[in-house]
Amino acid sequence: MDTDVEKFIDNLKTNLNLDGRKRVFEDGEVLQSSHLIEKADPEAVTKEFIIEPLARKLNLEKLPEKHFQGIRGEQRKVDYRLRNNKKLSFLLEAKPVNTDLFDKSPDGGVNQIKGLFRLAEVKEGYEFGIATDGIQWIFIDKSARIAYHLSITKDFSKIKEILTGEKEVSVEKIEEEISKKFYVWYNALLHGGSYKDHNNKTKRISANDCLVKNILFVDNSEDKERIAQTILDRLIFIKFLQSKGIIGQDILEYLSELDENRLNDELKQLFFTVLNTEKSKRIDVNIKFKEIPYLNGSLFLRTDIEIRNPDYKIKARILNEVIKFLDSFKFVHLENSSKHQTLDPEILGYIFEKAMTAGDRKGTGAYYTPKMITQFISQNTIYPRIIEETNNLLKQKGSKETKLVTTIDELFELKPNELREVLNNVLIKIKICDDACGSGAFLLAAAGILLEIYEKINQKLNLGLSEIELRKIILKNSLYGVDSNPNAIEIAKLRLWLWLVTAYEPNRVEPLPNIDYNLRVGNSLIGYADVSKFKEQKLNLNDWLSEPGEESLNLLLVRRSELIRNYKDSTSDNAKELREKIEESGKKIRQLLDLRFHQELLGQKIRLEFNEFQKLKPFHWGFEFPEVFGSLELEENGFDLIIGNPPYGNILKNAEKKMIIKFETSNASEIAANFIERCLEITRKNGQIGLIVANAIAINASTHKARELIRKKMSTSKMALFGTRPAKIFADAEIRVLILFGSKDCPDKPGVILTTEAI
């Protein structure tokens, strides 16, 4: 400990009575006036004996007191505005020693600083904020995210570096550093290769010693890859549950001590008989697994590949290496740990996406989207849509123009009955889709934005809904994704489940919702967008049903939609039964739609064998998402919002190009043009689109049809073009991009595209 810091704390102790010293410095009680020899304000004591002496030691200038105007006009203040010798200003909120700085009330130290950094004036004028009780120091960056949780007794040198401006407070840089190390190590375990351990020593795992090569009794190399990835996903999820205290024992350590045969048996029991089975229905399970909660969710269902390879095993030695690797990182919120090697679900998602796109980029045109972009695009599509729908609702109720809302903050100032209408008729009904979702970065960003809105309405109306309930509502009702990569969809589901589980506590664990039918595998471009033309058509199902008969597609879709709705909240055996029914009926309808689509292609003299056509993973939107496309009013069909980062480049295979022959953009040499056309097709009237795409969309001759479609469907759209200077949007690619925003208002005459200058 720094000698001056030790002196500051000793001076504080001398002002406490004997009972106070024990209670505060041994028992960890919050400092109170009764602990002091001379009665005083406990917060003032923290300031006098620790914060102000430290400020003098580091030559920090104390700036005059200032009030900040909150978003609702209220006055807000902070204990200190400080400036260091590098002229960097920052804020500090002080609390009595041992105060819970993460107290969720408005007076909580972290909450106060985060609230200030949501104000434009604070973001522009201050580098970072601090919440401290004198001993614990929480550093919060400009984006109102926690960067460091440090102890003055253990981490003073780092605290000093930050306060004097030698070290930057940036969550993104911390995440980049941690996630790069994790990703390289993770990839080496999975496929072989070099990595650096926590001591920065270079180590290597040979190709023969990697996890994929040590999946036994599986012949197909692709199956081995998928099983290895699934096992890792599950172990990471279990590790996260252990870190949260939801699984009390260190189950992974226990597994790592078993021999090969027992290890594989116990691992499968844990996955399939414990985590996916209600406690009351478990039979003959290991006593160590007895108290593990039931989680539900398809993460712990046997995958098709596992069903195909039921006897697969993992070599114990490599599994031990995987567990040691996971144990070397802390899988908790940055808020709860002072350790540097810490991973939260968001960073894990980044790593998964990077791992996935690194392998697939050449063939799929996929790139990892930075969080800043996903947040910006999601916010600038979600807010306008909610504001527009709210105003439509208010107009129906007779509100005057002057009473309409113009910003998202004004939404929360509506009368309680109006706000309840918005909740039930706008927010809960909003449908958001990323039609090339990758591992779910945009969906996660959208989830976070929706949660903030739900939480404010929940508080305003005193609904008493828990954070878990709010997150479940969002997952089940609002988020949809499609990707041709099955592994991407599994990772997207994992990320969204992790996002939900962050709200769980050891005494509050609920089954995960089933989101299998919100996130689907398929080729977004190939197949029917609208199946309404078949709805009243009688389909002969004799070949597909156990009982002969004819039923309309509409009836089948309504029935399937009802099954899916019930499935989302179902658990255990009921979930399994419903899933089997959904899959059974879905297989029949999908096969029929595939046949119809293939016949139409043949009618256009496009020759492709039916089994080859099905390998392209055709995706029929109206069938897959009947709750989105089920309205009899065609303009009401479709998503409220389409967001995402579709693939780039001239990457469609010849067979795929034949499949989109009816697209107006079929001749474009940029796949993003085809995705824009599909997005416009699956968005409902007045729905919002927010995409980051190749800037070829704005400037290339071959994409002129995409621009024509945008003008045809949107009266005003905006394109912000970005180059590679002064910095790239995608750090590992030379690609130039643009961000497209617009509302599909279907104007009577062609609209205008507003663009920035290309850099």
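Would you confirm whether or not the stretch 474-486 contains a residue that is modelled with pLDDT of 90 or more, farther than 24 Å from Tyr454 by Cα and of a type in the set (Asp, Glu)?
Taking every residue of the stretch 474-486 in turn, at least one turns out to be modelled with pLDDT of 90 or more, farther than 24 Å from Tyr454 by Cα and of a type in the set (Asp, Glu).
Which of (1) at pLDDT below 95; (2) part of a strand (DSSP E or B) does Lys142 not meet, given it meets every other one?
(2)
I need the full set of residues from the stretch 98-114 which are part of a loop (DSSP other than H, G, I, E, B), touching a strand residue (DSSP E or B) at 6+ places or on another chain (Cβ under 9 Å) and over 19 Å from Leu12 (Cβ atoms), in order please.
Scanning the stretch 98-114 gives Phe102, Gly108.
Among the residues of the stretch 624-656, which ones are in a helix (DSSP H, G or I), modelled with pLDDT of 90 or more and among the aliphatic types (A, V, I, L, M)?
Hits for the stretch 624-656 are Val628, Ala655.
So is Leu608 outside any helix (DSSP H, G or I), surrounded by 19 or more Cβ atoms within 10 Å (Cβ to Cβ) and not acidic (Asp, Glu) or not? Don't jump to the end; show me each part of the working.
Details: outside any helix (DSSP H, G or I): yes; surrounded by 19 or more Cβ atoms within 10 Å (Cβ to Cβ): no; not acidic (Asp, Glu): yes.
No: the conditions fail for Leu608.
Please work out which residue is surrounded by the fewest Cβ atoms within 10 Å (Cβ to Cβ), limiting yourself to the stretch 303-316 and to residues that are in contact (Cβ under 8 Å) with a residue 24 or more places away in the chain and in a helix (DSSP H, G or I). Full working, then the answer.
So in the stretch 303-316, the residues in contact (Cβ under 8 Å) with a residue 24 or more places away in the chain come out as 303, 305-306, 308-309, 311-316.
Next cut, in a helix (DSSP H, G or I) only: 305-306, 308, 316.
On the way: Ile305: 18, Glu306: 19, Arg308: 13, Ala316: 19.
Among those residues, the one meeting the criterion is Arg308.
At least 1 residues that are of a type in the set (A, V, I, L, M) and either under 21 Å from Thr374 (Cα atoms) or in contact with a strand residue (DSSP E or B) (Cβ under 7 Å, 6 or more places away or on another chain) (or both) in each: list the helices (runs of 4 or more DSSP H) lying fully within the stretch 399-508 that qualify. Explain how you work it out, then say what you get.
Details: elements: 408-411, 416-422, 441-460, 467-477, 486-501.
Ranges flagged: 408-411, 441-460, 467-477, 486-501.
Taking Leu258 and the conditions (1) crowded, with 18+ Cβ neighbours inside 10 Å; (2) under 22 Å from Phe325 (Cβ atoms), which numbered condition does it fall short on, given that it satisfies the others?
Checking Leu258 against (1) crowded, with 18+ Cβ neighbours inside 10 Å; (2) under 22 Å from Phe325 (Cβ atoms), the one that fails is (1).
Quick one: is Lys201 charged (D, E, K, R) and outside the structural domain of Thr46 (by TED's automatic domain parsing)?
On the way: charged (D, E, K, R): yes; outside the structural domain of Thr46 (by TED's automatic domain parsing): yes.
So Lys201 passes the test.
Just to be sure I understand the filter: pairs with C-beta atoms under 6 Å, separated by 6 or more residues or on different chains, first member in the stretch 663-689 and in contact (Cβ under 8 Å) with a residue 40 or more places away in the chain, second member surrounded by 23 or more Cβ atoms within 10 Å (Cβ to Cβ) and basic (Lys, Arg). Which pairs pass?
Leu680/Lys713; Thr683/Lys744; Gly687/Lys744
Restricting to the stretch 446-487, name every residue that is of a type in the set (Ser, Thr, Tyr) and over 17 Å from the mean Cα position of the chain (by Cα). Reasoning before the result, please.
Of all residues in the stretch 446-487, those of a type in the set (Ser, Thr, Tyr) come to 454, 466, 478, 480, 484.
Matches in the stretch 446-487: Ser466, Ser484.
Can you find, within the stretch 606-632, the residue that is farthest from Gly586 (Cα to Cα) among those that are among the small types (Gly, Ala, Ser) and touching a residue at least 60 places away in the same chain (Cβ under 8 Å)? Steps first, answer last, please.
Residues of the stretch 606-632 that are among the small types (Gly, Ala, Ser), as a first pass: 622, 630-631.
Add one more test, that the residue is touching a residue at least 60 places away in the same chain (Cβ under 8 Å), and what stays is 622, 630.
Details: Gly622: 12, Gly630: 16 Å.
Looking at the filtered set, the residue picked out is Gly630.
Output the residues belonging to the stretch 541-553 that are surrounded by 18 or more Cβ atoms within 10 Å (Cβ to Cβ) and modelled with pLDDT of 55 or more.
Selection gives Leu553 alone.
Does Phe300 qualify as being in contact (Cβ under 8 Å) with a residue 60 or more places away in the chain and under 26 Å from Lys472 (Cα atoms)?
Considered against the rule, which asks whether it is in contact (Cβ under 8 Å) with a residue 60 or more places away in the chain and under 26 Å from Lys472 (Cα atoms), Phe300 comes out as yes.
Working carefully through the options Gly193, Gly108, find the one that is more than 30 Å from Ser221 (Cβ to Cβ), small (Gly, Ala, Ser) and surrounded by fewer than 22 Cβ atoms within 10 Å (Cβ to Cβ).
Just a single option satisfies the conditions, and that option is Gly108.
Of all residues in the stretch 101-114, how many are touching a residue at least 40 places away in the same chain (Cβ under 8 Å) and of a type outside the set (Phe, Trp, Tyr)? Show your work before the answer.
The initial filter retains those residues of the stretch 101-114 that are touching a residue at least 40 places away in the same chain (Cβ under 8 Å), namely 102, 110.
Okay, now just the ones that are also of a type outside the set (Phe, Trp, Tyr), so 110.
Selection size over the stretch 101-114: 1.
Being in contact with an Asp or Glu (Cβ under 9 Å, 6 or more places away or on another chain), closer than 26 Å to Val693 by Cβ and β-branched (Val, Ile, Thr) narrows it down to one of Ile432, Ile468, Ile449, so name that one.
After ruling out the rest, the residue left standing is Ile432.
With the requirement that a residue be surrounded by fewer than 19 Cβ atoms within 10 Å (Cβ to Cβ), under 27 Å from the mean Cα position of the chain (by Cα), among the aliphatic types (A, V, I, L, M) and under 25 Å from Leu463 (Cα atoms), what does the stretch 365-418 give you?
Listed by number, the list holds a single entry, Ile387.
Would you be able to say whether some residue in the stretch 483-495 is within 26 Å of Asn425 (Cα to Cα), surrounded by 18 or more Cβ atoms within 10 Å (Cβ to Cβ), not small (Gly, Ala, Ser) and not assigned by TED's automatic domain parsing to the domain that holds Leu557? If you could, list the steps in order and put the result at the bottom.
First, the residues of the stretch 483-495 that are within 26 Å of Asn425 (Cα to Cα): none.
For the stretch 483-495, residues within 26 Å of Asn425 (Cα to Cα), surrounded by 18 or more Cβ atoms within 10 Å (Cβ to Cβ), not small (Gly, Ala, Ser) and not assigned by TED's automatic domain parsing to the domain that holds Leu557: absent.
Taking Asp133 and the conditions (1) buried (at least 21 other Cβ atoms within 10 Å of the Cβ); (2) touching a residue at least 40 places away in the same chain (Cβ under 8 Å); (3) touching a strand residue (DSSP E or B) at 6+ places or on another chain (Cβ under 8 Å); (4) over 21 Å from Glu6 (Cβ atoms), which numbered condition does it fall short on, given that it satisfies the others?
The number of the failed condition is (4).
Under the condition of being among the basic types (Lys, Arg) and within 16 Å of the chain's Cα centre (by Cα), which residue from the stretch 488-516 is nearest to Ser561 (Cα to Cα)?
Once the filter is applied, the top-ranked residue is Lys493.
If Ile236 passes every condition in (1) crowded, with 19+ Cβ neighbours inside 10 Å; (2) at positive phi but one, which one does it miss?
That leaves (2) as the condition not met.
The values are calculated or read from the model by the stated rules, or taken from the named source; none is laboratory data. A quick note: this is a predicted structure, and the numbers were derived from the prediction, not measured. Cβ: placed from backbone, ideal geometry, glycine included. Neighbour counts: every protein chain shown.
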